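J.: Have a look at the structure that comes next, please.
FYI, it's all coordinate maths here, none of it is from the lab. These numbers were taken from a predicted model, which means no experiment stands behind them. All Cβ positions, glycine included, derive from the backbone under ideal geometry; neighbour counts span all protein chains shown.
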Amino acid sequence: MLEFALNAGRGSFHLQIECRLASEWTVVFGPSGAGKSSLLRLLAGLDLTGYGGVERARIALDGHALTDSAAGLRLPPGWRKTAMVAQQPALFPHLSVMANVAYGINDLDRATRLTRTEEMLALVGATDLVVRRAQHLSGGEAQRVALARALAPKPRLLLLDEPFSALDGAASDGLLERLQQWLRANRVQTVLATHDVTDALAIGAEVLLLREGRLVAQGPATEVLSSERERLTRRLNPVQSFLPE
Amino acid sequence: MDWQALTLTLKLATVTTAILLAVAIPLAALLVLGRSRWLAAVEAVAALPLVLPPTVLGFFLLVLLGPRTAFGRGISSLLGHPLAFSFSGLVVGSVIYSLPFAVQPLVAGFASVDPGLVDAARLLGAGPVRLVTSLLIPLARRSFLAAAVLSFLHTVGEFGVVLMIGGDIPGATRTLSIVLYNQVENFDYGAANRTAAILLGLSVVALAAIYLSGRPHGGRRA
C-alpha cells in the first residue's frame, strides 16, 4: 500500500496530491506537464523535501514512512526499496550489461549476484546482450536492460516513467505479461506514468488522472479514461466524428 | 644545469599533485553533488588563488606559518622546525596556490556527467564514495588527467609563493624558477635560456598529452 500527501512547488508549477494506492498496478495518466514525472521523482526521493520548493511531503510504503517533512524524515533514494525506470534508460555507459544489472546488488555474494543478473536479463528478454557494452545498445535494448537493473534488487515499489516508448515489440514478445507475473510473484507495487491512453488502457489498472499538478480523477481505467478514449477515437477517425450517428 | 633544483622541482610538483588530487576529488564531488547554499562560499574560497597575487598569498602563508601566530608556533613545536623556509612549507604553499587548477577541471568534468546516471546510481543504493569511484571518476577521466597535469605544471612554474615561503635554499627550497631568476639577475643568459627551455619543454609535452588523450582518431571533424 502506497500512501502520499504532497504539496510541492517549483517555479510556477505546483503539485498538490493526496492519495492512497492499494492495487498492484497504478497508471498515472495526464498530458505533458501535468506533473507525472515530478510525482515519481518525489516518490523515489530524488527531489528533496525542503529543497527545490517542496513545502510538505508525506510518503509511506506498507505503513513505513519514507518521507515525512513534518518529522524531518527523508530516506535516501537507495534506502526506500524503490526502483525507477525513466524514459531515458540512463545505463552506465562505461560498464557492460552484466555490470549494469549487478550494480544495485553488490551486497550479495558473487554466485547469487550472477544468478539474479541472468534471471533478470531472461525476464526482459535480453540474455543475448550480457557481454555487450551499455553504450553500444539500441534504445529498445537499453530500456530492457534498465528494467532488469531496476528489478535486480527486488524493490517493493517500481516507478515507471513512460519506459515503454522505446520498447519495440514489448507486447509481442510477452514482456509485459512476464513482467506483470514477476511483479505479482515478488509483491512489487507498480506505478506507471504515461501520457499514452493506449498504454493506460492496455494495462487495465487503477488510473490517477492528473492535470496541472492536481488529481482530477481516480478509478478503473475504463471509467477514468472513457473521455480520453473518445477523444483518441475522434482523432484517429476525424471524418467519422462529424457523421451523424 | 642545476640538477639539484630540477630534482627538487619535480619532487615538489609530484608531491603537490598527489596531495591536490586526494583533496580535490572529494571537494569537487561535494561541490557538484551537494545542495547546500554554503557550497558557493566554499567554491569561492577554493578559486581565490586564481585571482590573488602569488606574493600576497605567499606573504599571508609566511605570517601564518611563522612564529608570530599560534598556528605557526603549534606546527613548529609539532614538527620540530618551522614550516617556513622548508620543503614541507613549500608543499603547503603549492597545494593552496594550485588548488583551483585541480578543483576546477574536476568540477567541470563531474558536472558534465548526465544527472540521470547519478540519479540511477543513487536509486540503486550508491553512497557518495561509490558515486565518485564507480561513476564520476571513470566518466570524467579526461578531467582527472587535466587536473593532474595542470596542478603539476602550475607547481613547476610557480615563483612568487615559493620565493616568499621558501626563499632560496639550495637543495631545500631552490626550484627551477628561482634558479632562472638568479641566472637572469646575474646576466647569465645562456644558462637562463637552458633553464627556461626545460620549463617550456615540460609544459608543452604535458599539455600535448592532455590534448592527444581527448582527440578522436582522424581529428575532431572526422
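J.: Compute the acute angle (0 to 90°) between the alpha-carbon long axis of helix B:39-51 and the principal axis of greatest extent of the alpha-carbon atoms of chain B; round to the nearest 10°.
T.: The two axes meet at around 40 degrees.
J.: On to the next question. Write out the trypsin sites (Lys or Arg not before Pro) in segment B:37-85 meeting two conditions: DSSP loop, and at most 15 other Cβ atoms within 10 Å of their Cβ. Display every interim value, and only then the final one.
T.: Numbers: sites: B:Arg37, B:Arg68, B:Arg73; in loops: B:Arg37, B:Arg68.
Those satisfying the criteria are B:Arg37, B:Arg68.
J.: If a paramagnetic tag sat 7 Å from the Cα of A:Glu177 along the Cα-Cβ line, which residues of segment A:196-213 would have the backbone N under 15 Å from that point?
T.: A:203
J.: Quickly rank B:128-139, B:50-61 as a protection proxy: mean count of other C-beta atoms within 10 Å, highest first.
T.: Highest to lowest by the protection proxy: B:128-139, B:50-61.
J.: Using DSSP to define loop residues, name the chymotrypsin sites (Phe, Trp or Tyr not before Pro) in segment B:128-205 whose beta-carbon has at most 12 other beta-carbon atoms within 10 Å.
T.: Working: sites: B:Phe144, B:Phe152, B:Phe159, B:Tyr181, B:Phe187, B:Tyr189; in loops: B:Phe159, B:Phe187.
Filter output for segment B:128-205: B:Phe187.
J.: For the protein assembly as shown, give me the percentage of DSSP beta bridges that are antiparallel, rounded to the nearest 5 percent.
T.: 60 percent
J.: Further, regarding this structure: Can you figure out the FRET efficiency of A:Arg110 with A:Arg184, using R₀ = 35 Å and their beta-carbon distance, to the nearest 0.05?
T.: It comes to 0.75.
J.: I want to check the label-to-label distance for A:Arg10 and B:Val23. Put each point 7 Å from Cα in the C-beta direction and report it in nm to one decimal.
T.: Rounded to a tenth, the inter-label distance reads 3.5 nm.
J.: Something else now. Take every DSSP beta bridge with both residues inside chain A and express the antiparallel ones as a percent of the total, to the nearest 5.
T.: Roughly 60 percent of the DSSP beta bridges within chain A come out antiparallel.
J.: Okay, next question. Please enumerate, by chain and number, the lysines with C-alpha under 28 Å from the C-alpha of A:Lys36, excluding those fewer than 8 residues away in the same chain.
T.: A:Lys81, A:Lys154
J.: Sketch the reach of a paramagnetic label on B:Ala111 as a point 7 Å from Cα along Cα-to-Cβ, and name the residues of segment B:122-158 whose backbone nitrogen lies under 16 Å away.
T.: B:140, B:143-144, B:147
J.: Follow-up. Taking R0 as 45 Å, what's the FRET efficiency between B:Ala196 and B:Arg68 from their Cβ-Cβ distance, rounded to 0.05? If you can, show how the numbers build up before the last one.
T.: On the way: r = 36 Å, r/R0 = 0.81.
Calculated transfer efficiency: 0.80.
J.: Report the extension gain between B:Phe187 and B:Ser203 in nm, rounded to one decimal, defined as 0.36 nm multiplied by the number of residues separating them, less their alpha carbon distance.
T.: Gain on stretching B:Phe187 to B:Ser203: 3.3 nm.
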